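A.B. asks: Here's a structure for you.
The values are calculated or read from the model by the stated rules, or taken from the named source; none is laboratory data. Values in this document were obtained by computation on a predicted structure and should not be read as measured data. No Cβ is skipped: glycine too gets one built from the backbone with ideal geometry, and neighbour counts run over all protein chains shown. Just so you know, the surface numbers come from the protein's heavy atoms only, side chains and all, with ligands and any DNA or RNA stripped out. Shrake-Rupley method; radii C 1.70, N 1.55, O 1.52, S 1.80 Å.
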Amino acid sequence: MGKSIYLINAGNDEKYKHGVAHGTSFPPLGVISLGTAVQNRTDWNVRVLDGLITDERGIIQDIEQARPTVVGVSVLSTSYQSALNIARAGKRVGATTIFGNDQAAITGKNMLLTRLEIDYVCTADSGETPLIHFLEYLEGKRDISNVAKLMYRKSEEIKHNDLPELAPADRFAILDQIEIPNRALIPKEVREKYLENYQATYPDEGVTGTGTINRFRGCPRAKNRCCYCGIADLTIRASSPRMFWDDVRAAREMEINRLFEAGDSVSGAQKYLEQILAAKPDRLDWGAFVYTSARETNQKLVELYKKLGVFRANMGLDSGDDLMLKRLKGKKDSVKQNQRAVKLLSDIGIRVYASFVLGGPGETRDSVENTVKFARWLIDNALVDGTEAQPLFPELNAKTGRMLLNPEYALKNAESEGWRIRNRDLLYELPKKWEEHENPDPIEISQDWATVFSEVPYEELLTIAANIRDYSKLRGVATGSSWIMGG
């Protein structure tokens, strides 16, 4: 087979098989884009596999039969065990293994200290060029120290090359360095499965194909981010309007007419959206699914969205309680603002997928009840066509994670924001338990968080999240959660 690399999106571990309503409706752009870079810039053979559709056993059998030179795995906290199983299969056939994506970027050092089946970790947000440079290193064409964002073992240390992953450029054109993804790297039968999943959730939208695009990244809250946000780089950056529409056109040529723009908060750059609209090709029929912040939503934005082709907005409404919103998101956020944003979108014909976070700092039964009432109000007034509710997950590199790992920092925040630490003994045990962990289990770490920081116990938060989902189903609204105990 010659030099070959398998790029694999690890599937969810068994207890996280059930996910958000649209979780398996869009093919994984990350491994597709990496594969495209390998295909375009090297002479390596590349194969892209998705564990959300192809079962883990099938992926492992493929690796054992093909014996690739490199096995790269995209891993999240909810897919870590599957990723390890794939890595072990790679090592059994003599492959070099490398992990990437969010969880690897957050706890990569601990992974390398703990797991010999992981050879390298890529911490890049835009990993295309770092991956090419990594392959050049394996071929002996580049020194390992010149591979950007690579983490690796050297003697008794873990090294990290904190070098730029993209060449300097205007921030609204810098992502032009990432080529248009070859979405055909995912086999047709797998793409059809994604379409089937989308149609099962939203059967009446006339969708002929689904895909992901990520030509905008970042958030205007970068300096004052939501307390649970663990995204490493929230600097606003994008592709040029020309590149944006070239990417959309390439998707449309594959009969994809529903594209998920995975930007962190597309609403955060209205002037850029105006440039995108000005460059929009005539007669380009498509529908976009975008992340939108309620705080940034106004009449001008929703009109821009409508003209651009935005079909659905994913909004992190988080809470129906003003005090909790300020703790979770910021001093300028409010329930009234959330209501206004949803109504603006709904009135212009843009559908809304709303998500809620339960168990924030100082969450009380009264504040949770306000969230339940708000969610029901949205559903009863046909203002949302999808909901998601779950207990807070404290990413270790987010403010919530820093509170969990630093008792004095947590106490300072509790005093300044007017809430209490419920279990101080456990608070002081948490740093030792989690700071060197390779992959904190989302359920277990969320349980610890709720025990210390929320007035509402974790099991009760699960019940409340289930109640929101049940009410959504009763009223014909799509619903889900990033993890659901007991299915």
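A.B. asks: Of the numbered conditions (1) in a helix (DSSP H, G or I); (2) open to solvent by less than 60 Å² (accessible area, probe 1.4 Å), Arg242 fails exactly one; give the number of that condition.
C.D. replies: (2)
A.B. asks: Regarding Lys109, is this residue at negative phi, within 26 Å of the chain's Cα centre (by Cα) and not aliphatic (A, V, I, L, M)?
C.D. replies: yes
A.B. asks: Find the residue count for the stretch 260-286, including only residues that are small (Gly, Ala, Ser) and closer than 14 Å to Leu345 by Cβ. Steps first, please.
C.D. replies: Taking the stretch 260-286 and keeping what is small (Gly, Ala, Ser), we get 262-263, 265, 267-269, 278-279.
Among the residues that remain, those that are also closer than 14 Å to Leu345 by Cβ are: 267.
Total satisfying the criteria: 1.
A.B. asks: Is there a residue in the stretch 434-452 that is open to solvent by 30 Å² or more (accessible area, probe 1.4 Å), over 27 Å from the mean Cα position of the chain (by Cα) and closer than 17 Å to Phe393 by Cα?
C.D. replies: No, the stretch 434-452 has no match at all.
A.B. asks: Which condition number does Lys159 fail, the rest of (1) of a type outside the set (Phe, Trp, Tyr); (2) surrounded by 14 or more Cβ atoms within 10 Å (Cβ to Cβ); (3) under 25 Å from Ile174 (Cα atoms) being met?
C.D. replies: (3)
A.B. asks: Restricting the first residue to the stretch 327-348 and requiring it to be within 27 Å of Leu308 (Cα to Cα), which pairs with a second residue that is of a type in the set (Lys, Arg) and open to solvent by 30 Å² or more (accessible area, probe 1.4 Å) meet a Cβ separation below 9 Å and a spacing of at least six or different chains?
C.D. replies: Listed by first residue and then by second, the contacts come to Asp333/Arg295; Asp333/Lys326; Gln337/Arg295; Asn338/Arg295; Ala341/Arg295; Leu345/Arg351; Ile348/Lys306.
A.B. asks: Taking the options Arg402, Arg424, name whichever one is over 26 Å from Leu113 (Cβ atoms) and open to solvent by 10 Å² or more (accessible area, probe 1.4 Å).
C.D. replies: Details: Arg402 fails: over 26 Å from Leu113 (Cβ atoms).
Result: Arg424 is the single residue among Arg402, Arg424 that is over 26 Å from Leu113 (Cβ atoms) and open to solvent by 10 Å² or more (accessible area, probe 1.4 Å).
A.B. asks: Can you tell me which residue in the stretch 140-156 is farthest from Gly2 (Cα to Cα), limited to those that are touching a Phe, Trp or Tyr at 6+ places or on another chain (Cβ under 9 Å), assigned to a loop (DSSP other than H, G, I, E, B) and open to solvent by 50 Å² or more (accessible area, probe 1.4 Å)?
C.D. replies: Applying the filter and picking the extreme gives Asp143.
A.B. asks: In addition: Return the only residue of Lys332, Lys306 being over 15 Å from Thr371 (Cβ atoms), touching a Gly at 6+ places or on another chain (Cβ under 9 Å) and open to solvent by 10 Å² or more (accessible area, probe 1.4 Å).
C.D. replies: The match here is Lys306.
A.B. asks: Of everything in the stretch 245-269 that's among the aliphatic types (A, V, I, L, M) and surrounded by 19 or more Cβ atoms within 10 Å (Cβ to Cβ), which residue is farthest from Phe26 (Cα to Cα)?
C.D. replies: Ala269
A.B. asks: Would you mind finding the one in Gly218, Gly209 that is out of contact with any strand residue (DSSP E or B) (no Cβ under 6 Å at 6 or more places or on another chain) and open to solvent by less than 60 Å² (accessible area, probe 1.4 Å)?
C.D. replies: The conditions single out Gly209.
A.B. asks: Let me ask something additional. If I go through the stretch 235-263 residue by residue, how many of them are under 30 Å from Arg402 (Cβ atoms) and more than 13 Å from the chain's Cα centre (by Cα)?
C.D. replies: 4
A.B. asks: For Ile174, which of the numbered conditions (1) out of contact with any helix residue (DSSP H, G or I) (no Cβ under 9 Å at 6 or more places or on another chain); (2) closer than 24 Å to Ile8 by Cβ fails to hold?
C.D. replies: (2)
A.B. asks: While we're on this one: What number of residues within the stretch 168-192 satisfy the criterion of being assigned to a loop (DSSP other than H, G, I, E, B), touching a residue at least 12 places away in the same chain (Cβ under 8 Å) and of a type outside the set (Val, Ile, Thr)?
C.D. replies: Of the residues in the stretch 168-192, 6 are assigned to a loop (DSSP other than H, G, I, E, B), touching a residue at least 12 places away in the same chain (Cβ under 8 Å) and of a type outside the set (Val, Ile, Thr).
A.B. asks: Please go through the stretch 54-77 and pick out each residue that is over 24 Å from Ala105 (Cβ atoms), open to solvent by 30 Å² or more (accessible area, probe 1.4 Å) and either in contact with a helix residue (DSSP H, G or I) (Cβ under 8 Å, 6 or more places away or on another chain) or part of a strand (DSSP E or B) (or both).
C.D. replies: Thr54, Glu64
A.B. asks: Confirm whether Glu179 is surrounded by fewer than 21 Cβ atoms within 10 Å (Cβ to Cβ), under 30 Å from Lys473 (Cβ atoms) and not hydroxyl-bearing (Ser, Thr, Tyr). Please lay out each step first, then the result.
C.D. replies: Details: surrounded by fewer than 21 Cβ atoms within 10 Å (Cβ to Cβ): yes; under 30 Å from Lys473 (Cβ atoms): no; not hydroxyl-bearing (Ser, Thr, Tyr): yes.
Taking the combined requirement at face value, the residue does not satisfy it.
A.B. asks: Shifting gears a bit: Pairs only if they're at least six apart or on different chains, beta carbon under 6 angstrom, first in the stretch 1-14 and farther than 15 Å from Val70 by Cβ and open to solvent by less than 10 Å² (accessible area, probe 1.4 Å), second in a loop (DSSP other than H, G, I, E, B) and not charged (D, E, K, R); list them, first residue then second.
C.D. replies: Listed pairs, sorted by first residue: Ala10/Gly51; Ala10/Val75; Gly11/Gly51; Gly11/Leu52.
A.B. asks: Here's a follow-up. When you check Trp377 against the structure, is it more than 16 Å from Cys227 (Cβ to Cβ), aromatic (Phe, Trp, Tyr) and assigned to a helix (DSSP H, G or I), yes or no?
C.D. replies: In short, yes.
A.B. asks: Looking at the stretch 38-52, which of the residues that are under 21 Å from the mean Cα position of the chain (by Cα) and open to solvent by less than 50 Å² (accessible area, probe 1.4 Å) is nearest to Glu14 (Cα to Cα)?
C.D. replies: Gly51
A.B. asks: OK, next. Report yes if some residue within the stretch 340-358 is open to solvent by less than 30 Å² (accessible area, probe 1.4 Å), touching a Phe, Trp or Tyr at 6+ places or on another chain (Cβ under 7 Å), within 14 Å of Ser267 (Cβ to Cβ) and not β-branched (Val, Ile, Thr); otherwise report no.
C.D. replies: Checked the stretch 340-358: no residue is open to solvent by less than 30 Å² (accessible area, probe 1.4 Å), touching a Phe, Trp or Tyr at 6+ places or on another chain (Cβ under 7 Å), within 14 Å of Ser267 (Cβ to Cβ) and not β-branched (Val, Ile, Thr).
A.B. asks: Looking at the stretch 78-135, which of the residues that are out of contact with any strand residue (DSSP E or B) (no Cβ under 7 Å at 6 or more places or on another chain) and of a type in the set (Lys, Arg) is least open to solvent (accessible area, probe 1.4 Å)?
C.D. replies: Out of the qualifying residues, it is Arg115.
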